[in-house]
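> A single structure is presented below for examination.
The values are calculated or read from the model by the stated rules, or taken from the named source; none is laboratory data. All of these numbers come straight from a predicted model, not from anything done at the bench. When we count neighbours, we look across all protein chains shown, and the Cβ atoms used for this are built from the backbone with ideal geometry, even at glycine. Quick note on the areas: whole protein, heavy atoms, side chains included, nothing else; ligands and nucleic acids left out. Shrake-Rupley method; radii C 1.70, N 1.55, O 1.52, S 1.80 Å.
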Amino acid sequence: MHNNNNAYYLNSLIGGQTPFRQTYLGDNQPEVLNPQYIIKKIVPHANPPRSFEEAKPLFQKEADLLYRLGEHPQIPEPLDKFDRNGVFYLIYQRIHGESLAHELKDRQPWNEARVIVLIQEILEILKFFHAVAGPHLDIHPTSFIRRRSDGKLVLIDFGAVRSHELSPIKLGTLLSDMPSDTARDTPGFHSDIYAVGSIAIHALTGVQPTKPQESNSNFRWRNLPQVSDSFAATLDKMVNPSFKNRYESVDEVLRDLKKNQRLSQLFYHLNPAQLSVALKFHPKFISLVGVVFLITLCTSIFREYYWEKSYKNYLAYIWLELGNELNQSQQYEKAILAAEESLKYRHDFAPVMLLKAYAIGQNNPQTTPERYRLCFEANQLKKNYAAAWNCLGNIAFQQGQVDIAIYHYDAVINLYKHPKSTWYNEPKEEIWAVLNKANVLIKQKEYSDAKTFLNEFKNEKIDIADEFLIHINNKIEKIDELMP
């Protein structure tokens, strides 16, 4: 089919369908393997309206509402609308990425902090949706796609946004994930909040919750995940079987998450050493600050400034942890996106710069200038930062700059000769510097020097962890095999 300017070809039928509405993948070229558009086909039902001309104003009204929703950066905007042969069409740019349902399907429980970030992102989208179009009434994991280009969730299903006269709505279908008392009573914003709570419990437990059938029943989930009491109370209120006892608006949920979760989450997930890295304080200082922190919590100045700053640091840390997990599972493109999200909350977060540099290097080893910039900036931000020196050394070694690589590795090794000046450096960075310097010497065929260097280091460091000692011994065996 086509409008006056563009032709579109239907490719494959996707999503839930009714006799009056179908969704297709499509393109402006026939039989393409990777269609670039989503095409929604709307067939007016016979009575009412009684004529196709009567249906046009209803379609226009619905399309106008969808265009208004598309003003949100995480809701697709229609690219085109037209009618042909008694059928209406809406054209959208296809969002490339993975469904939220795909993220949840491995049944691996998420930690509390990650779930809070998920709830907040969904609710911020729904806050706009509710203001423009009212309740959605069909929220579920397949309603969202994690956009590959920036890692953000995108709402791709518009639920009850449609004219009932243009094509009928089966409310029972839309409310399939709602408790029975909500389906019987007037649905509203609380219905969407219930659905988001259900998604959150699914993420926390790795198990899709069963629907309560009685007004006094609830999800049996509290014995499964380890969560703080305040967050558990928030979730229980979101999924309360009685809509009268549930949150009435998205703002109420966001306010409770903000009010009750920041402090508990910050200290629940971070031990003093981790917190010291995230907030750039020495671990010994963290315990001392704790008392002052609690006292100043009540002051308006702290709430308005330092609280916000600490929470942004916390979110930056959560994205860092997610990026590290993605790197370990070799999902380097997603790790890069996680690092970029972290840097939005804290642009001077040196560990995230190194995370991004590593992921970029694994994803595309040729992107040396960007990796060097990130490692250099991390080195400038954090004095005597062993991980940054190692990063710079690795780049130099990759570029064949042997003397520069050794200079960086020696800088790391020398740092660990003065432990008091390196409290934030992890012990493993010293081992990697030693092994990397040995690799440089091996590359230069200086086998005897490499072996002597490793043996001297091993003899000096009597407290080397077994896993690192194995690496060193394996390297020495490799040198013995290479030596003439």
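> Based on what the data block shows, is GLU98 more than 25 Å from the chain's Cα centre (by Cα) and either without any contact (Cβ under 8 Å) to a residue 60 or more places away in the chain or not in a strand (DSSP E or B) (or both)?
Numbers: more than 25 Å from the chain's Cα centre (by Cα): no; either without any contact (Cβ under 8 Å) to a residue 60 or more places away in the chain or not in a strand (DSSP E or B) (or both): yes.
The answer is no for GLU98.
> Continuing with the same structure: Only one residue in LYS284, LYS309, LYS237, LYS259 is at pLDDT 80 or above and either touching a Gly at 6+ places or on another chain (Cβ under 8 Å) or part of a helix (DSSP H, G or I) (or both), so which one is that?
LYS237
> Being crowded, with 21+ Cβ neighbours inside 10 Å and modelled with pLDDT of 90 or more narrows it down to one residue among ILE406, ILE336; which is it?
Residue meeting the stated conditions: ILE336.
> OK, next. Of the conditions (1) in contact (Cβ under 8 Å) with a residue 60 or more places away in the chain; (2) assigned to a loop (DSSP other than H, G, I, E, B); (3) crowded, with 20+ Cβ neighbours inside 10 Å, ALA113 fails just one. Which one is it?
(2)
> All but one of (1) at pLDDT 80 or above; (2) closer than 15 Å to ASP157 by Cβ hold for GLY16; state the number of the condition that does not hold.
(1)
> Please state which of the following conditions ILE125 fails to meet, knowing it meets all the rest: (1) in contact with a helix residue (DSSP H, G or I) (Cβ under 9 Å, 6 or more places away or on another chain); (2) part of a helix (DSSP H, G or I).
Of (1) in contact with a helix residue (DSSP H, G or I) (Cβ under 9 Å, 6 or more places away or on another chain); (2) part of a helix (DSSP H, G or I), only one is false for ILE125: (1).
> Also, I was wondering about something else. Out of everything in the range 352-378 that is free of Cβ contacts under 8 Å to residues at least 24 places away in the same chain and polar (S, T, N, Q), what residue ends up being least open to solvent (accessible area, probe 1.4 Å)?
THR367
> Next question. Taking the condition at pLDDT below 90, surrounded by fewer than 20 Cβ atoms within 10 Å (Cβ to Cβ) and among the charged types (D, E, K, R), does GLU426 pass?
yes
> Suppose we filter VAL207, VAL250 for residues that are more than 20 Å from HIS130 (Cα to Cα) and either modelled with pLDDT of 90 or more or of a type outside the set (Asp, Glu) (or both); which single one remains?
Answer to the check: VAL207.
> Of the residues in the range 388-403, how many are closer than 12 Å to LEU415 by Cβ and open to solvent by 20 Å² or more (accessible area, probe 1.4 Å)?
Residues that pass the stated criteria total 1.
> Restricting attention to the range 80-102, which residues are open to solvent by less than 40 Å² (accessible area, probe 1.4 Å) and not aliphatic (A, V, I, L, M)?
The answer is ASP80, PHE82, GLY86, PHE88, TYR89, TYR92, GLY97, SER99.
> Out of all the residues in the range 321-331, which are in a helix (DSSP H, G or I) and not small (Gly, Ala, Ser)?
Residues satisfying the conditions are GLU321, LEU322, ASN324, GLU325, LEU326, ASN327, GLN328.
> Could you list all residues from the range 218-234 that are open to solvent by less than 30 Å² (accessible area, probe 1.4 Å) and either modelled with pLDDT of 70 or more or within 17 Å of GLU124 (Cα to Cα) (or both)?
Result: TRP221, VAL227, SER228, PHE231, ALA232, THR234.
> Could you tell me how many of the residues in the range 129-158 are over 19 Å from the mean Cα position of the chain (by Cα) and either open to solvent by 10 Å² or more (accessible area, probe 1.4 Å) or of a type in the set (Phe, Trp, Tyr) (or both)?
Qualifying residue count, the range 129-158: 11.
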